[in-house]
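Data block below; observations after.
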Amino acid sequence: MKLTFARTCEKWLHNLDKRPSLGVALSVLWVLLICGLGFFWHLGTIGLIDETEPLFAEASRQMLVTGDWITPFFNGETRFDKPALIYWCQAIAYAIIGVNEWAVRLPSAMAAMGLIGLAFYTIHWHLTAADRLENVYRPQRTWIVAALATGMMALSPQMIVWGRTGVSDMLLTGFITCTLLCFFLGYSSSHQSTNIFPCRWYTACYLCAAGGVLTKGPIGFVLPGLVVFAFLLYIGKFWQIVREMRLFVGLPIILVLSIPWYILVFLRNGQNYIDSFFGYHNLERFTDVVNGHSAPWYFYFLVVLLGFAPYSVYLPLAIAKQKFWQRQYWLTQERSQQLGLFTCIWFIVVFGFFTIAVTKLPSYVLPLMPAAAILVALLWSDFLSKSTAPGMFLRVSAWVNVSLVSAIAIILFYVTQIIGKDPAAPDFRLVLQQSGLTVVGGVIWLVCALLLAVMILRRFWLPLISVNLLTFTAFLLFVLTPALFLMDSQRQLPLRQISQIIVQTQKQQPNEEIVMVGFKKPTVVFYTQRPVTYFKSNQAGGEYVQKQKLQATKPQSLLLIAQPKKFPKMGLQPSDYQILLKQGAYQLVRVPLD
């Protein structure tokens with residue numbers, strides 16, 4: 001009865017060695033399945049989420065409507081937070097499938113699927129090359145390890161969140177990951193170019209780096225450049241590989257593809273663009289705290305632990321397994337067998353770079369998640385190819401795995417008592433409790449903990465990752481997605497309903513100004529397709545309304561969005577306005593100005 005996991009997989013995949021086309025078909029189907037579940041399933045059925053997502057969505061819509069593909073605008077003001085590529089991608093998606101949530105998020109989902117597909121190919125290349133060196137043929141192991149790695153990439157919290165959100169983070173991660181993987185494929189294939197041009201993989205590396213620069217600025221080149229630099233410095237072949245890469249050709253490729261937009265936007269907007277993008281959104285974010293996004297030095301340890309959960313418990317062992325300190329060992333390895341070292345340096349450099357940066361956000365370390373998945377998969381590759389019993393550190397990691405999923409289960413049982421009240425969704429905690437989703441989630445992870453414990457006690461090691469993957473999939477399907485629908489109905493649906501009323505009323509009174517007081521919800525701008533005047537304080541909002549009443553030439557009324565309790569604080573009594581809609585935490589009123 002104690003068939004090993006490898007033999008079980010061999011039984012199911014025994015035709016791979018006889019029918020290579022079957023392996024290709026299975027690989028494509030696997031990538032489509034996990035990406036479909038992780039990124040495309042219900043991608044556009046949940047409304048845009050305030051505050052960042054609609055900023056990108058509306059700026060992209062403005063590009064399509066105005067035909068200005070150089071300067072991004074939101075709500076009548078320039079938006080220099082990010083370069084143009086994300087806006088171009090969303091605008092093109094609008095032109096193809098319409099202005100909707102699917103189009104907003106499609107570039108992120110496609111980027112996630114692209115990097116996962118290339119990761120599958122890279123791991124397959126690495127393991128096939130290892131088999132050739134050992135004069136063996138193990139397509140089953142190759143397929144299983146690649147499937148595990150890409151499964152962990154697609155079905156992990158951090159990747160799912162940003163792969164389903166219409167912002168630039170996943171697009172940047174896709175370009176950085178593909179830049180690094182293309183570099184490794186060019187490096188490991190040893191195809192020396194016979195002319196001045198780099199080989200196809202190095203060329204693809206430069207193209208992806210240019211895409212990264214157009215997505216989020218210098219970091220698109222600097223971050224993968226630091227990883228490659230550290231790797232080449234470690235193996236002691238820096239100048240040899242630089243010459244092999246034809247860097248004197250590659251750098252112009254990057255500049256020719258990425259710099260023209262920067263020149264055009266500078267010529268149109270001048271120093272304002274330089275100060276905003278390069279000064280505030282790049283240099284200041286690295287050297288100072290921006291928008292209050294500070295965190296302690298150990299912040300990214302927690303982000304990786306939770307963002308790559310539940311597989312993150314195996315990361316310390318997976319990194320240690322590479323023995324990156326044994327430089328002489330790695331120098332004797334064939335290039336194609338240095339993937340473990342490369343991904344280890346990739347992980348450490350990205351983690352260290354953003355730990356040093358003063359401004360800290362969870363999305364910043366997203367580019368190291370693919371490296372983390374590859375490292376854990378390579379750890380499991382050793383178990384599939386060697387008959388040696390797992391050591392003490394794996395057993396400890398496995399029990400930590402049990403502890404982590406047990407903690408997740410316990411937290412889910414009590415989460416409705418832990419979470420605070422959200423002013424934007426005051427009834428969400430009660431609705432979530434009544435839904436029973438947290439109990440279902442707790443049971444799912446508790447069953448996972450029991451299964452893992454039984455496998456550890458019976459020394460059945462190899463399926464541990466598969467159990468985690470299946471559990472996360474069940475949690476995504478039966479708990480997380482329904483919970484997102486609940487959150488949307490409580491937090492964002494009221495704003496969409498208010499926006500719908502505004503669109504209807506402005507057909508009769510098109511000149512009515514829209515004013516929002518006490519909060520900033522950019523979704524209203526996107527869904528109404530009209531500018532909104534924001535005021536943070538009640539006093540400023542009330543003073544603006546009174547000022548509008550005193551204007552000599554003015555429209556008959558304005559539309560005001562605020563929380564019901566805020567109107568008296570603005571100096572407005574019920575007789576001063578007409579309630580058009582009260583939904584959730586918000587109220588839409590018409591304030592006569594005459």
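Annotation for the stretch 101-115: at least one member residue is buried (at least 20 other Cβ atoms within 10 Å of the Cβ), out of contact with any Pro (no Cβ under 6 Å at 6 or more places or on another chain) and basic (K, R).
For first residues located in the stretch 230-247 and within 15 Å of P198 (Cα to Cα) and touching a residue at least 12 places away in the same chain (Cβ under 8 Å), partners that are surrounded by 15 or more Cβ atoms within 10 Å (Cβ to Cβ) and aromatic (F, W, Y) and lie 6+ apart or on another chain with Cβ distances below 7 Å form the pairs I241/Y187; M245/Y202; R246/Y202.
Looking only at the stretch 73-90, how many residues end up being farther than 17 Å from D169 by Cα and under 24 Å from the mean Cα position of the chain (by Cα)?
Residues flagged as farther than 17 Å from D169 by Cα and under 24 Å from the mean Cα position of the chain (by Cα) within the stretch 73-90 amount to 2.
One residue stands out among those in the stretch 211-227 that are touching a Phe, Trp or Tyr at 6+ places or on another chain (Cβ under 8 Å) and either aliphatic (A, V, I, L, M) or not assigned by TED's automatic domain parsing to the domain that holds E244 (or both): the one that is surrounded by the fewest Cβ atoms within 10 Å (Cβ to Cβ), which is L226. Looking across the stretch 80-109, just one residue is without any contact (Cβ under 8 Å) to a residue 12 or more places away in the chain and not in a helix (DSSP H, G or I), and that is G98.
Scanning the stretch 104-113 for residues that are closer than 18 Å to R164 by Cβ, basic (K, R) and outside the structural domain of T179 (by TED's automatic domain parsing) turns up at least one hit. Taking the criterion of being assigned to a loop (DSSP other than H, G, I, E, B), of a type in the set (F, W, Y) and at pLDDT 90 or above, the only residue of the stretch 280-324 that qualifies is F308.
A Cβ distance below 7 Å, combined with a sequence gap of six or more or placement on separate chains, defines the contacts here; from the stretch 149-163, residues that are in the same structural domain as A119 (by TED's automatic domain parsing) and under 17 Å from A377 (Cα atoms) reach residues that are in a loop (DSSP other than H, G, I, E, B) and aromatic (F, W, Y) in the pairs S156/F308.
Any chance you could count how many residues in the stretch 145-177 are outside any helix (DSSP H, G or I) and closer than 8 Å to S108 by Cβ?
Taking the stretch 145-177 as the starting set, the residues that turn out to be outside any helix (DSSP H, G or I) are 155-156, 164-168.
Add one more test, that the residue is closer than 8 Å to S108 by Cβ, and what stays is 164-167.
The qualifying residues number 4.
Taking the stretch 474-570 as the region of interest, the strands (runs of 3 or more DSSP E) fully inside it that hold 2 or more residues being without any contact (Cβ under 8 Å) to a residue 24 or more places away in the chain, more than 13 Å from Y586 (Cβ to Cβ) and in contact with a strand residue (DSSP E or B) (Cβ under 7 Å, 6 or more places away or on another chain) are 533-535.
The values are calculated or read from the model by the stated rules, or taken from the named source; none is laboratory data. If you're wondering where the values come from, they're calculated on a predicted model, not measured in any experiment. Counting neighbours? That spans all protein chains shown, and the Cβs are built from the backbone with ideal geometry, glycine included.
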